[in-house]
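The values are calculated or read from the model by the stated rules, or taken from the named source; none is laboratory data. Predicted model, so just to flag it, every value in this text is computed and none were measured. Counting neighbours? That spans all protein chains shown, and the Cβs are built from the backbone with ideal geometry, glycine included. Heads up: the accessible areas ignore ligands, DNA and RNA and are worked out on the full protein's heavy atoms, side chains in. Shrake-Rupley method; radii C 1.70, N 1.55, O 1.52, S 1.80 Å.
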Amino acid sequence: MNIFKYREPHFWRNTMTRAALVAVTVAIIVWFLPKNSGPQYQYDVGKPWMYGAFIAKFDFPIYKTEEAIKAEKDSILNRFEPYYNFSDSLGEAAVKRFEHDFAEGISGMPPNTVSVIAQNLTKIYRAGVMDTHEYSENFKDTTKMVRLVSGKTAQNIGAKNIYSEMSAYEQLFIDMRLLPYRQLLQKCNLNKYIVPNIVYDSKRSETERSDMLSAVTVASGMVISGQKIIDRGEIVDDHDVLVLNSFEREMQRRHAGNDEISFTIFGQIFYVALLVFLFTLYLGLFRKDYFQSPRSIAMAYTLITFFPIIVSLMVRHNIFNIYVLPLAITPMFIRVFMDSRTAFVAHFTMVLICAVAVKYQYEFIVVELVAGLVAIYSLRELTQRAQVLRVALYVALSMSFTYLVLQITQERNVDNIDMGIIKYFSFNGVALLFAYPLMYVIEKVFGFTSAVTLVELSNTSKELLRRLSEVAPGTFQHSITVSNLAAQIADRIGAKAQLVRTGALYHDIGKMINPPFFTENQAGGVNPLSNMPCTEAAQVIISHVTEGLKLAEQDNLPREIKDFISTHHGEGKTKYFYVTYKNEHPDETIDEALFTYPGPNPFTREQAILMMADSVEAASHSLNEYTEENISELVNRIIDNHTAEGVFHDCPITFHDISLTKQVLIERLKAIYHTRIVYPELNKPNDA
């Protein structure tokens, strides 16, 4: 018998979706993780070698550091003399062009002026003219020389032996015969007859540069097979680090393209896949509702993937220190938008993945886990900038304290502790301050609604609420009262008070379209619905839900607020008109859809709270007498009817929550309507 045929179709669909999610996450993370081959050692200058004797198993060169190689190349290039070709023809052509243009002389000047200028130009070109920009670059240092090639000979010349285009132009006017006529000559545009006749020889210069740089070697010595490099307990110095780095580099070169890299990749795949699978298993077992919310899954897996990628890139390219990364942002966001347990599991998973790429894994894991726990403990709802500042301070202090404790445990000597790393923890705290503006980005990208946004929306001076107070003051006052009642209920049962408070303020905004048709906005007892057929009147009342959704859409209200508008009546009926119509047409088959709200029924605890608070507050105005018994009977009757009709069937609210809701509503309504006990009257004495 096939036991799988009884599985629901969506079970396999969900399983495949989760498997694909895990696979994509693992693939992205592993792609960026460093792929180091050979044994990996952890060591620092000035600290003891924690492993056994390290003996070279093969000959390998001691590679110079990139900084040392660059310094040697810079030193050689300082002695490099670029090649330039001297051209007689360019100068001769320029002089002939000048003599041709001024063959008839220069107006206002002696007849021999043209020949004097031509002679000066000829002298300048014999010395040589170089492009002004190249002249400045080559002769920043006055001791620099260039190689000037003329024919088959090359000679070293300095800045004082040749001219730039600018200095050549100035040289023309040094002649005493031309000095009195300088202003007239400047109008002749003589600079166009001064062209560079010393031209850069790129081929010969690059060949010379390459030959000089080729003399720089990448190694400064050799380690012979069998040679001891370092032994346990010996202090690691700069030379040891150079040799050990050379060994690792040689290992990578020797094993490049062989199976060792493949084993590294396979190990990383299995490790990352295990952690991501365990996180997914946690969600499947304890937070199934998140799998029904694509935005929750998208945010959680994006944050888990993002920071391992950044850590890998920083380690691979040796960028700053990894402790400047505010990894605690991940549990902060997940704590605010999801819950604390998921925040910790996600942070734990992310830190263990990041640890693959770092050097001191034990230290990294402990410090970052403590930072994440502190962030979770010190933050619930992000509503004020001061909260972020407090969390950043706590995280920076906890990371510093944890690091110092670990170092004291390992070093047993305060003098050996590297206090310089504390500044990175300070940078980490500063980076955490960006959690507040990033909250807006998270909201827009993943479709969440933060407490910050809810607080802003609950401001009654917002345009939509201000219009409601002006157009439908009775509805506005009703919304304020319901908002306060619902928030108090949420506080009592542990629901999201700010969310239900804000949702309650907007739940009846659709009544702005036809305010007089609703009792709370009617003046003088005139009800326009009394003259309308029941079906039409019911549709007018029902329309405040659909019209409210339209207004919410126009005002770009968050989806959570729209859900309050659509669910505060659920799929209930306009009972007054429904019962009236049914009594008037006892034999007629009634189309119940004409009297039914579009729904859906509440599907969150907060929506259920709003429905109960809204129904009870509206009905409370119909009481003739506000006594404790009347209020209790009203509250119990309305909420029991909701429960009996099954409107909370799809809502995760418990009977205990409903019982507490009744208590809060009774207490608050009694306070609102000032119920008092009935005082006895003093009996009058009988007249004798």
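Table for the structure above
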read-out: Leading residue by the ranking (modelled with the lowest pLDDT) among those in segment 13-22 that are open to solvent by 60 Å² or more (accessible area, probe 1.4 Å) and of a type outside the set (D, E, K, R); value: THR17
read-out: Test for VAL482: is it buried (at least 18 other Cβ atoms within 10 Å of the Cβ) and either within 28 Å of MET332 (Cβ to Cβ) or more than 28 Å from the chain's Cα centre (by Cα) (or both); value: yes
read-out: Residue that is modelled with the lowest pLDDT [pool: residues in segment 120-176 that are acidic (Asp, Glu) and farther than 20 Å from TYR83 by Cα]; value: ASP175
read-out: Residue count for segment 497-538, restricted to those that are open to solvent by 10 Å² or more (accessible area, probe 1.4 Å), touching an Asp or Glu at 6+ places or on another chain (Cβ under 9 Å) and of a type in the set (Ser, Thr, Tyr); value: 1
read-out: Test: residue in segment 669-682 that is among the hydrophobic types (A, V, I, L, M, F, W, C), under 18 Å from ILE493 (Cβ atoms) and open to solvent by less than 30 Å² (accessible area, probe 1.4 Å); value: yes
read-out: Residues located in segment 184-211, provided they are surrounded by 14 or more Cβ atoms within 10 Å (Cβ to Cβ) and either in contact with a Cys (Cβ under 6 Å, 6 or more places away or on another chain) or over 22 Å from GLU99 (Cβ atoms) (or both); value: ILE198, VAL199, TYR200, ASP201, ARG204, SER205, GLU208, ARG209
read-out: Residue in segment 571-580 that is over 18 Å from ALA472 (Cβ atoms), in contact with a Cys (Cβ under 6 Å, 6 or more places away or on another chain) and open to solvent by 20 Å² or more (accessible area, probe 1.4 Å) present; value: yes
read-out: Every residue from segment 283-296 that is in contact (Cβ under 8 Å) with a residue 40 or more places away in the chain, in a helix (DSSP H, G or I) and open to solvent by 20 Å² or more (accessible area, probe 1.4 Å); value: PHE286, TYR290, PHE291, ARG295
read-out: Condition broken by LEU404, with the remaining ones in (1) in a helix (DSSP H, G or I); (2) crowded, with 17+ Cβ neighbours inside 10 Å; (3) of a type in the set (A, V, I, L, M, F, W, C) satisfied; value: (2)
read-out: Check on ILE106, touching a residue at least 12 places away in the same chain (Cβ under 8 Å), surrounded by 13 or more Cβ atoms within 10 Å (Cβ to Cβ), more than 15 Å from TYR181 (Cβ to Cβ) and β-branched (Val, Ile, Thr); value: no
read-out: Some residue of segment 314-335 being open to solvent by 30 Å² or more (accessible area, probe 1.4 Å), within 20 Å of the chain's Cα centre (by Cα) and more than 25 Å from GLY420 (Cβ to Cβ); value: yes
read-out: Condition check for ILE69: outside any helix (DSSP H, G or I) and either of a type outside the set (Gly, Ala, Ser) or farther than 30 Å from ARG232 by Cβ (or both); value: no
read-out: In segment 592-629, residue nearest to the chain's Cα centre (by Cα) [restricted to those that are of a type in the set (Ser, Thr, Tyr) and open to solvent by 60 Å² or more (accessible area, probe 1.4 Å)]; value: SER622
read-out: Residue check, THR330 in a helix (DSSP H, G or I), among the hydroxyl-bearing types (Ser, Thr, Tyr), touching a Lys or Arg at 6+ places or on another chain (Cβ under 7 Å) and closer than 18 Å to LEU382 by Cα; value: no
read-out: Which numbered condition ASN601 misses (of (1) of a type in the set (S, T, N, Q); (2) in a helix (DSSP H, G or I); (3) in contact with an Asp or Glu (Cβ under 9 Å, 6 or more places away or on another chain)); value: (2)
read-out: Lone qualifier among LYS123, LYS144, LYS140 - being part of a helix (DSSP H, G or I), among the charged types (D, E, K, R) and out of contact with any Asp or Glu (no Cβ under 6 Å at 6 or more places or on another chain); value: LYS123
read-out: Enumerated helices (runs of 4 or more DSSP H) restricted to segment 153-258, each holding at least 1 residues that are small (Gly, Ala, Ser) and touching a helix residue (DSSP H, G or I) at 6+ places or on another chain (Cβ under 9 Å); value: 165-172
read-out: Members of segment 530-548 that are in contact (Cβ under 8 Å) with a residue 12 or more places away in the chain, over 11 Å from ASN514 (Cα atoms), out of contact with any strand residue (DSSP E or B) (no Cβ under 9 Å at 6 or more places or on another chain) and aliphatic (A, V, I, L, M); value: ALA537, VAL545
read-out: Hits in segment 344-376 (condition: in contact (Cβ under 8 Å) with a residue 60 or more places away in the chain and in a loop (DSSP other than H, G, I, E, B)); value: VAL356, ALA357, LYS359, TYR360
read-out: Count - residues of segment 370-392 that are open to solvent by 10 Å² or more (accessible area, probe 1.4 Å), of a type in the set (A, V, I, L, M) and out of contact with any Leu (no Cβ under 9 Å at 6 or more places or on another chain); value: 4
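Table: residues versus (1) at pLDDT 90 or above; (2) part of a helix (DSSP H, G or I); (3) more than 25 Å from GLU667 (Cα to Cα).
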site: LEU499; (1), (2), (3): yes, yes, no
site: VAL526; (1), (2), (3): no, no, yes
site: ILE542; (1), (2), (3): yes, yes, yes
site: THR546; (1), (2), (3): yes, yes, yes
site: GLU553; (1), (2), (3): yes, yes, yes
